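So the structure is just underneath, and the comments pick up after that.
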Amino acid sequence: MKSIFHDHIGIKIHRTDLKLTSFIKAKMETYNIAPEQNLIMMLLWEKDGLTQNQVGEKLNKDKTNIARMASNLEKKGYIKRSNCPNDRRSVKLYLTPEGKQLGKEIIPIAEEFQQIITDGISTEELKELERLLIKINENVERHS
């Protein structure tokens, strides 16, 4: 009988995700920032002043999860949350000076991480991988 476990694409994707998360978690440990918190910071380093809803949409996370992570980042001094003056229900996230400084240290690590995980993979292969991952996500969404 053929082993389904080792051939299952979901298992292979999961193992890869665990390795990627473990690797980046070890790199972020010095900065006291979790990988998911780092994703929020990456978005803010790219465009400061996003709302919590915008961050949630970009990361495909629910409002409660984003609010909790934003609260933790605020406690660490990396961001400041501010209610929007024209919409009191909307909360914007802004980098603090400490958060901006953190970016100067972490962005090079993120760039190195990108180089490490794409080593030996051509641009065409990366585009194909992205296309396939989108297709897998669409399949899952269609059947959820």
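The values are calculated or read from the model by the stated rules, or taken from the named source; none is laboratory data. Since we're looking at a predicted model, the values are computed, not measured. When we count neighbours, we look across all protein chains shown, and the Cβ atoms used for this are built from the backbone with ideal geometry, even at glycine.
Scanning region 71-98 for residues that are over 16 Å from Y31 (Cα atoms) and without any contact (Cβ under 8 Å) to a residue 40 or more places away in the chain gives S71, K80, R81, S82, N83, C84, P85, N86, D87, R88, R89, S90. Restricting E128, E141 to residues that are part of a helix (DSSP H, G or I) and modelled with pLDDT under 95 narrows the list to E141.
Listed here are the residues, each with its yes/no results for (1) surrounded by 12 or more Cβ atoms within 10 Å (Cβ to Cβ); (2) in a helix (DSSP H, G or I); (3) modelled with pLDDT of 95 or more; (4) touching a Leu at 6+ places or on another chain (Cβ under 7 Å).
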residue	(1), (2), (3), (4)
K12	no, yes, no, no
R15	no, yes, no, no
T21	yes, yes, no, no
I33	yes, no, no, no
I40	yes, yes, yes, yes
T64	no, yes, no, no
A70	yes, yes, yes, yes
K80	yes, no, yes, no
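Does V91 fit the bill of being at pLDDT 95 or above and touching a helix residue (DSSP H, G or I) at 6+ places or on another chain (Cβ under 7 Å)?
no
One residue stands out among those in region 88-125 that are of a type in the set (A, V, I, L, M, F, W, C) and outside any helix (DSSP H, G or I): the one that is farthest from D48 (Cα to Cα), which is I121. Could you tell me whether E57 is under 21 Å from R88 (Cβ atoms) and either out of contact with any Asp or Glu (no Cβ under 9 Å at 6 or more places or on another chain) or of a type outside the set (K, R) (or both)? Answer is yes for this residue.
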